[in-house]
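Structure, as structure tokens:
The values are calculated or read from the model by the stated rules, or taken from the named source; none is laboratory data. If you're wondering where the values come from, they're calculated on a predicted model, not measured in any experiment. All Cβ positions, glycine included, derive from the backbone under ideal geometry; neighbour counts span all protein chains shown. Only protein heavy atoms, including side chains, enter the accessible area calculation; ligands, DNA and RNA are left aside. Shrake-Rupley method; radii C 1.70, N 1.55, O 1.52, S 1.80 Å.
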Amino acid sequence: MQAEDISVIIPVYNTQRYLAEALHSVFAQTLLPREVIVVDDGSTDATPDVARAFAGRIRYVRQENGGSGAARNHGIALAASPLLAFLDADDRYLPRKLERQLALLRERPELDLCICHAQDFWSPELVPPPGAVTTFAAAARPGQASTWLARRRAFEKAGLFRTSADITHAEGSEWFLRARDCGVVTEELVERLVERRLHDANKTTRRADHLDAIAQLIKMRIDRRRSRP
């Protein structure tokens with residue numbers, strides 16, 4: 001079965017060790033997307049070689065390093081479908097991710113965005129730091145773009161991802177908060193359909209940077225509300 005309406009956009013930057021696994025999780029979907037767009041954000045590792053192994057199954061494009069927000073925006077501009085899904089190159093879809101979210105959007109035409117639940121896991125080749133939690137419950141992660149299936153009109157309402165340097169650790173959360181303020185109609189699908197990999201290069205494991213980004217998001221939202229008439 002093929003979901004002709006869906007484009008999957010995968011931003012990648014120096015994650016050659018995980019990209020193939022992410023792609024395999026897309027091609028293992030019970031409902032295959034129309035296209036898979038891999039946007040290489042100026043990687044300096046062997047990412048192009050990994051992508052080349054999927055020639056004919058993906059569209060691979062390369063850009064100068066501009067951050068994951070810029071890479072997602074590039075993918076949105078190239079996408080041919082009215083429905084957009086995202087997958088970080090170090091994460092994985094579970095097999096029914098696209099099928100279940102597409103079913104909800106078809107059932108609820110008023111919805112602009114469907115969010116599913118995700119569960120964290122430690123990458124098998126890495127040892128969790130001392131005291132780290134190793135068992136995680138699935139939870140809603142509205143700021144994690146890998147959990148989204150969006151109609152293109154959601155980005156017409158809210159705009160694209162921000163690409164400024166002060167928000168590079170929370171682009172997804174910034175967009176989601178802005179989307180809510182812009183009237184993007186969202187529904188949470190209470191099903192675990194994404195697995196988020198924890199590893200030594202995760203943005204959210206760099207706690208100080210992540211907390212700074214969250215504080216910036218709060219300030220931006222307050223300023224946005226104050227500017228309303």
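Provide the percentage of antiparallel DSSP beta bridges, counting only those with both residues in the chain; round to the nearest 5.
25
Any idea of the accessible area per residue across the chain, 1.4 Å probe, to the nearest Å²?
Each residue of the chain exposes 47 Å² on average to a 1.4 Å probe.
Work out the length of the dipole vector of the chain about its Cα centre, built from +1 on the beta-carbon of each Lys and Arg and -1 on the beta-carbon of each Asp and Glu, and round it to the nearest 20 debye.
The calculated dipole for the chain is roughly 640 debye.
With all protein chains present, how much of the accessible area of the range 2-45 (probe radius 1.4 Å) comes from carbon and sulfur, to the nearest whole percent?
C and S atoms contribute 47 percent here.
Return the single residue from Glu64, Glu125, Glu174 with maximal mean-square fluctuation; model: Gaussian network over the chain, springs between Cα atoms under 10 Å.
Glu125
Seen from all sides and averaged, what is the projected area of the convex hull of the Cα atoms in the range 1-136, in nm²? Walk me through the numbers before you get to the answer.
On the way: hull surface 37.5 nm².
Seen from a random direction, the Cα hull of the range 1-136 projects 9.4 nm² on average.
Say each of Arg108 and Thr44 gets a label point 7 Å from the Cα, pointing the same way as Cα to Cβ; how far apart are those two points in nm?
So the two model labels end up 4.4 nm from each other.
Under 18 Å from a point 7 Å along the Cα-to-Cβ line of Glu125: which residues of the range 17-31 have their amide N that close?
Flagged as within label range: 17-25.
Of Gly69, Leu105, Gln16, which is farthest on the positive side of the dipole of the chain, counting Cα position, with +1 on Lys and Arg Cβ, -1 on Asp and Glu Cβ, and the Cα centre as origin?
Of the candidates, Leu105 comes out farthest on the positive side.
Grab the Cα-Cα distance for Ala138 and Arg52, subtract it from 0.36 nm times how many residues apart they are, and report the gain in nm with one decimal.
Result for the pair: 27.6 nm of gain on full extension.
If the elastic network links every pair of Cα atoms under 10 Å, which of Asp88, Asp45, Asp120 fluctuates the most in the Gaussian network model of the chain?
Maximum among the listed residues: Asp45.
Using Cα centres only, tell me the gap between the range 22-74 and the range 84-121 in whole Å.
Cα centroid to Cα centroid, the span is 18 Å.
Averaged over all directions, how much area does the convex hull of the C-alpha atoms of the range 93-155 cover when projected, in nm²?
Reported value for the Cα convex hull: 5.6 nm².
Could you give me the ³J(HN,Hα) list for the range 31-43, computed from phi with Karplus coefficients 6.51, -1.76, 1.60 and θ = phi - 60°, whole Hz, x at Gly and Pro?
With coefficients 6.51, -1.76 and 1.60, one gets 10, 6, x, 5, 8, 10, 10, 9, 10, 7, 8, x, 4 Hz.
Over the Cα atoms of the chain, how large are the radius of gyration and the largest Cα-Cα distance (Dmax), in Å?
16.9, 53
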